[in-house]
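The values are calculated or read from the model by the stated rules, or taken from the named source; none is laboratory data. These numbers were taken from a predicted model, which means no experiment stands behind them. Cβ placement follows ideal geometry from the backbone for every residue including glycine, while neighbour counts extend to all protein chains displayed. Only protein heavy atoms, including side chains, enter the accessible area calculation; ligands, DNA and RNA are left aside. Shrake-Rupley method; radii C 1.70, N 1.55, O 1.52, S 1.80 Å.
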Amino acid sequence: MAYDFKEIEKKWIPQYEEFDGYKGIDFENDKEKFYMLTEFPYPSGSGLHVGHAFAMTAADVYARFQRMQGKNVMFPMGWDAFGLPAENYAIKTGRNPKEITKEVTDMFRSQMKKLGFSFDWDREINSTSPDYYKWTQWIFTKLFEEGLAEKKEMPINWCPKDKIGLANEEVIDGKCERCGTEVEKRTISQWVVKITDYADRLINGLYDTEFIEKVKAAQINWIGKKEGAKIRFEVKGHPEKLEVFTTRPDTIAGATFMVIAPEHALVGELLEGHSDNVSRVKEYLENIKGESEMQRTDASREKTGVFSGLIAINPITNKEIPIWIADYVTMSYGTGAIMAVPSHDDRDGEFAQKFGLEINETYTPDDQMMEEIEKRGMGEKAVTYHLRDWIFSRQHYWGEPIPMVYCERDGWVSVPAVDLPVVLPDVEKYLPTDTGESPLANIKDWVETTCPKCGGKAKRETDTMPNWAGSDWYFLRYCDPNNQDVLADMKKMEYWMPVDVYVGGDEHNTLHLLYSRFIYQFLWDLAVVPKSIPEPYKKRISHGVILGPDGNRMSKSKGNVIVPDEFVEKYGADSLRTYLMFMGPFDATMAWNERSLIGVRRFIEKFYNLIELHAGTGEVTDDESKKVIHQLIKQATEDVAEFKFNTVIARLMETVNTLSKPGFKIGTNDLGSVVKVLALFAPFVAEQLWSDLGEVFSVHNQEWPVYDEKYLLSERVNLSVQVNGKMRGLVSISPDAEEQTVILEVKKSEKINKYLEEGEIRKIIYIRGKTINFVVG
RNA sequence: GCCGAGGUGGCGAAAUGGUAGACGCACUAGCUUUAGGAGCUAGCGGGGCAACCCAUGGAGGUUCAAGUCCUCUCCUCGGCACCA
């Protein structure tokens, strides 16, 4: 029978429904546990993307490998299903996002099964299920109770068209992600989570992990810890001193002016005063008000600013220095005020140049300066972070309701655990209201409630959580997905945690990864996760990106989107999976190429034919076949462990090419070993071939083959002969031949001898089994 | 500007400091007469009839030996960015 992937898939896919080989078993202490995690997708209406297929196939290959190595593997999957696209679709169609989510997750699940991912479906979770978000809400109440969440006035990105607050990540190039309108800054009351309290721990915790370098760097960079000093400058005629943050207190003698942000409190005070400069300051503020966030943060832009009329005193030089207002200084970093050292800082220099301010070229940085500053009480050492507190409110419908109640008497009160979850109510309209509140604000009898503390009248919070909330702790829920009493059973977490390998995309290296590490550390402080495990993820690796056939990032507008289903249909899931893993290194950026996929398809066909040819013949494997097969096993064992899948597939191809030549005899056992290697990549055809070899279901819970060194030893090896470092020929010789034997053999070759006779042999370097180099001169 | 990853045939890519280009795609020639994006054999970095010579972004260096290690430099991609 010829290879027919449709028949094979039709036959085997249903068999895995009841298959327990893919399930992780709690407390299976006879085996080593292995927790393999790949990011749970946002299930969008357009279905599983080829990027998902790529990342998940890689994780699947690795999970299968660990399983065959005899480990008890947990490889779960779920849905991160709250979010804007479902809400937008609901707004457009008037349909309930709950229904839409159900349809879409059903579609995703079925696509994943068709692709042969070995997920443990008993552990499936859904962030939009009340059973799940009960605990997302519970975590929030704890943050509040521990003083890490508070509601305060915060400037946010505001879309004037949609009348909605946007998170930074929802602003693309200064424009609203949904409608493309330029966003404005607006101040509204928002829940804020103090992730900055954990900044140092989020850095230090990285040293306990085996994250790849790039991920560690991205996190450290994002947190942006800077050590420096806070220094106070006297302002003439003003009672309060002006505090600045600087990383270079040693350069203070070079500070010839100061700059404050337009939002700085001092500017507000100034406008109430009678300075001659007030009108000019007002004019400047008016000018920059119209600027978008994007314009303001464009580093290449020419600097603008205005003299405030205020004069400060440099505490070291005692010179009077002017205070300027400029938008290149922002309130969100440091103190919103700087001492400008134009001779040392490019931006300050540029500013001084433009406005004709003094530049002190003669000063030199002074190592003792900090000591002096502290002694004189002018300032002290300080640390500042780029990481900002996490704005946790969204005025959207499709998210977890923030489980808080506002009482006139008691202020904000968290909903007690017994009353959780606060279920997201059904609404008529999913659009935000004119006031910028979430649609929940329209449901009177939901909003109006009683205070959990005093029993008096109170109102519910109508904002919902950001889409990061559900993914902050999902890896814990997989350990115990149906627990009604706690977020996950402690013993089960102790067994499964930490995540051994977490495969994900670079786009989540800062936000998701940092947020979830923060929440885990917070839960650790609450002692609701195992005390012995301070970090949730042992190893984080990031997968590559698949570009469209034109070499560009896939996008609907470019029309270069690859939909995996189409290729499953055309060439089969096995070919698609194997091609995805063969494209290049696991972490590289690679362009889609259908011709190469066809090449992989040819290989699978050839593989199929090879096994079919030998199956049931009762052959005894000959030495040459043994050698080829054991080389394959060795390379596969080593390379799969390092996520080097492309080279394993190359070796599989070589193996099949060699063994397909006439004359090889291969027994069932050895055929089985080769099928097991293929099973990682092409699970369905491997299952078929395993069955054709007369073996019992399933190839996927077999033991990984072990190679025997004795088959890898060769009697002869081609030794490269170099003369003065240049390759001059090969001699076929025993790999452990003595140097004298090699030299005798080399001398037999006229071709090589010619070079040896060009001079006297001064030195011979012989590397057994590899090379011999004659230094002639 | 900072951080990270890279630069090897027409293309995707391989190479514990030891035969550069495995494997795949595309291409060429020959054989097969083939309803399936076929199969088989051979060739396939550049130059040269050849012996050989030249080739891993560029320039130096270490070494018997460098794509691989070191120094400098150019470029590409990804992330962050008026970070004080």
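First obtain the Kirkwood hydrodynamic radius of region A:50-164 from its Cα pairs, then insert it into the Stokes-Einstein equation at 20 °C and 1.002 mPa s, and state the resulting D in µm² per second as a whole number.
122 µm²/s
Just to be sure I understand the model, the point goes 7 Å from the Cα along the line to the Cβ. What's the resulting A:Lys754 to A:Glu715 distance in nm?
Between A:Lys754 and A:Glu715, the label points sit 3.2 nm apart.
Give the span of region A:632-718's Cα atoms along each principal axis, as three whole-Å numbers ordered largest to smallest.
Rounded to whole Å, the extents work out to 42, 34, 22 Å.
For the ranges A:231-242, A:486-497, what's the packing order if you count other beta-carbon atoms within 10 Å of each residue, average per peptide, and put the highest first?
Values: A:231-242: 15.6, A:486-497: 18.7.
Per-residue Cβ counts within 10 Å, averaged per peptide and sorted highest first, yield A:486-497, A:231-242.
Taking all pairs of distinct Cα atoms, average 1/r, flip it, and tell me the Kirkwood hydrodynamic radius of region A:242-400 in Å to one decimal place. Intermediate values should be presented prior to the final figure.
Numbers: mean 1/r = 0.0581 Å⁻¹.
It is 17.2 Å.
Quick one: 3J(HN,Hα) in Hz for region A:34-51, Karplus 6.51/-1.76/1.60 with θ = phi - 60°, rounded, Gly and Pro as x.
9, 9, 9, 10, 10, 3, 7, x, 7, x, 8, x, 7, x, 5, 8, 5, x
Starting from the alpha-carbon convex hull of region A:338-440, give the projected area averaged over all orientations, in nm².
That works out to 14.7 nm².
Before rounding to the nearest 500, sum -39500 (n - 2.57) across all DSSP H runs of length at least 4 in chain A and divide by the residue total; then give [θ] at 222 nm in deg cm²/dmol.
Counting only the DSSP helices, I get -10500 deg cm²/dmol.
Do you know the relative contact order of region A:638-777, to the nearest whole percent, from alpha carbon pairs under 8 angstrom that are 6+ apart?
Relative contact order for region A:638-777 comes out at 16 percent.
Go ahead and run the numbers for FRET between A:Leu730 and A:Val696, Cβ-Cβ distance against an R0 of 30 Å, rounding to 0.05.
Given R0 = 30 Å and the Cβ-Cβ separation, E is 0.05.
Hey, which aspartates and glutamates would be in cross-link range of A:Lys457, C-alpha to C-alpha under 18 Å, not counting anything within fewer than 8 residues on its own chain?
By straight Cα distance, A:Lys457 reaches A:Glu408, A:Asp410, A:Asp419, A:Asp445, A:Glu448.
Between A:Ala265 and A:Leu526, what FRET efficiency comes out of the Förster formula 1/(1 + (r/R0)^6) with R0 = 35 Å and r the beta carbon distance, rounded to 0.05?
Efficiency for this residue pair is about 0.45.
Principal axes first, then extents: for the Cα atoms of chain A, list largest minus smallest coordinate on each axis, whole Å, largest first.
Taking max minus min along each principal axis of the Cα atoms, chain A gives 101, 80, 50 Å.
For region A:110-121, what does the Karplus curve 6.51 cos²θ - 1.76 cosθ + 1.60, with θ = phi - 60°, yield as ³J(HN,Hα) per residue in whole Hz, taken in order and with x for Gly and Pro?
5, 5, 5, 5, 5, 7, x, 6, 8, 5, 8, 6
From the mean inverse distance of alpha carbon pairs (Kirkwood) and the Cα radius of gyration, derive Rg over Rh for region A:25-76.
1.09
Once you have the Kirkwood Rh of region A:660-708 from its Cα pairs, apply Stokes-Einstein at 25 °C and 0.890 mPa s and quote D in µm²/s. Spell out each step's value before the answer.
Values: Rh = 11.2 Å.
Answer from the Stokes-Einstein relation: 218 µm²/s.
Using only Cα atoms, find the angle between the long axis of helix A:668-681 and the longest principal axis of chain A, and express it within 0 to 90 degrees, rounded to the nearest 10.
Computed tilt is about 20 degrees.
Relative to a virtual label point 7 Å from the Cα of A:Cys454 in the Cα→beta-carbon direction, which members of region A:387-431 show backbone nitrogen distances below 18 Å?
A:404-416
Beyond 19 Å, what percent of the Cα pairs of region A:96-167 remain?
64 percent
Out of A:Gln111, A:Tyr515, A:Leu143, whose Cα points farthest toward the positive end of the dipole of chain A (charges: +1 Lys, Arg; -1 Asp, Glu; placed on Cβ)?
Checking the options against the dipole of chain A, the answer is A:Gln111.
How big is region A:453-604 by Rg and Dmax over its Cα atoms, in Å?
Rg and Dmax of region A:453-604, Cα atoms, are 21.5, 73 Å.
Give the whole-number value, in cubic angstrom per residue, of the convex hull volume spanned by the C-alpha atoms of region A:1-105.
Values: hull volume 16.6 nm³, N = 105.
Per-residue hull volume (Cα only) is 158 Å³.
To test your reading of the geometry: what angle, between 0 and 90 degrees and rounded to tens, separates the Cα axis of helix A:683-692 from the longest principal axis of chain A?
20 degrees
How large are Rg and Dmax for region A:614-768 when only the alpha carbon atoms are used, in Å?
When restricted to the Cα atoms of region A:614-768, Rg and Dmax are 21.0, 68 Å.
Calculate the dipole size of region A:432-540 relative to its Cα centre from +1 charges on Lys and Arg beta carbons and -1 charges on Asp and Glu beta carbons; express the result in debye to the nearest 20.
On the way: 13 positive and 16 negative charges, 65 e Å.
So the magnitude is around 300 debye.
Taking 0.36 nm per intervening residue step and subtracting the Cα-Cα distance, what contour gain separates A:Lys152 from A:Ile443 on full extension?
Taking A:Lys152 through A:Ile443 to full extension adds about 102.4 nm, to one decimal.
Any chance you could check the Cα centroid distance between region A:542-596 and region A:1-66 for me, in angstrom?
What the calculation gives is 19 Å, centre to centre.
If you place +1 on the Cβ of every Lys and Arg, -1 on the Cβ of every Asp and Glu, and leave all else neutral, what size is the dipole of region A:288-412 about its Cα centre, to the nearest 20 Debye? Present the calculation step by step, with values, prior to reporting the outcome.
Working: 13 positive and 22 negative charges, 81 e Å.
My answer is approximately 380 debye.
When the Karplus curve 6.51 cos²θ - 1.76 cosθ + 1.60 is applied with θ = phi - 60°, which whole-Hz ³J(HN,Hα) does each residue of region A:347-356 get, with x for Gly and Pro?
After applying 6.51 cos²θ - 1.76 cosθ + 1.60, I find 5, 5, x, 4, 5, 4, 4, 5, 9, x Hz.
What's the extension gain from A:Glu638 to A:Glu738 if we count 0.36 nm per residue and subtract their Cα-Cα distance? Walk me through the numbers on the way to the answer.
Details: separation 100, 0.36 × 100 = 36.00 nm, distance 3.04 nm.
Contour length minus the Cα-Cα distance gives 33.0 nm.
Please name which of A:Thr741, A:Leu659, A:Gly237 has its Cα lying farthest along the dipole of chain A towards the positive end, using unit charges on Cβ (Lys, Arg +1; Asp, Glu -1) and the Cα centre as origin.
A:Thr741
Check which residues have an amide H placed less than 5 Å from A:Tyr35's amide H, if you skip close sequence neighbours.
Hits under the 5 Å cutoff: A:Met74, A:Asp500, A:Val501.
Place +1 on the Cβ of every Lys and Arg and -1 on the Cβ of every Asp and Glu in chain A, take the dipole about the Cα centre, and give the residue among A:Cys454, A:Leu610, A:Pro481 whose Cα lies farthest towards its positive end.
The one lying farthest along the dipole's positive direction is A:Leu610.
Quick one: what do you get for region A:542-644 if you divide its Cα Rg by 2.2 N^0.38 Å?
Taking the Cα Rg and dividing by 2.2 N^0.38 Å, one obtains 1.36.
Between A:Lys92 and A:Ala217, what's the calculated FRET efficiency when r is the beta-carbon distance and R0 is 45 Å? Round to 0.05.
Result of the calculation: an efficiency of 0.65.
Please give the contour-minus-distance gain from A:His238 to A:Val563: 0.36 nm per residue of separation, less the Cα-Cα distance, rounded to one decimal in nm.
Difference between extended and current length: 110.4 nm.
Using the C-alpha gyration tensor of region A:691-743, what are the square roots of 5 times its eigenvalues, in whole angstrom, with the largest one first?
Taking √(5λ) for each Cα gyration eigenvalue gives 43, 13, 9 Å.
Please work out the ratio of the alpha-carbon Rg of region A:366-516 to 2.2 N^0.38 Å and round it to two decimals.
1.49
Given a 1.4 Å probe, how much area per residue of chain A is accessible, in Å²?
Solvent-accessible surface per residue comes out at 46 Å².
Using a 10 Å cut-off on Cβ atoms, rank the peptides A:41-54, A:594-607 from the highest mean neighbour count down.
Descending packing order for the listed peptides: A:41-54, A:594-607.
Rounded to the nearest 10 degrees, what's the angle between the helix A:645-659 long axis and the longest principal axis of chain A, both from Cα atoms, 0 to 90?
10 degrees
Mind checking the dipole of chain A: about its Cα centre, +1 per Lys or Arg Cβ, -1 per Asp or Glu Cβ, Debye to the nearest 20?
With only Lys, Arg, Asp and Glu charged at Cβ, the dipole is about 1200 debye.
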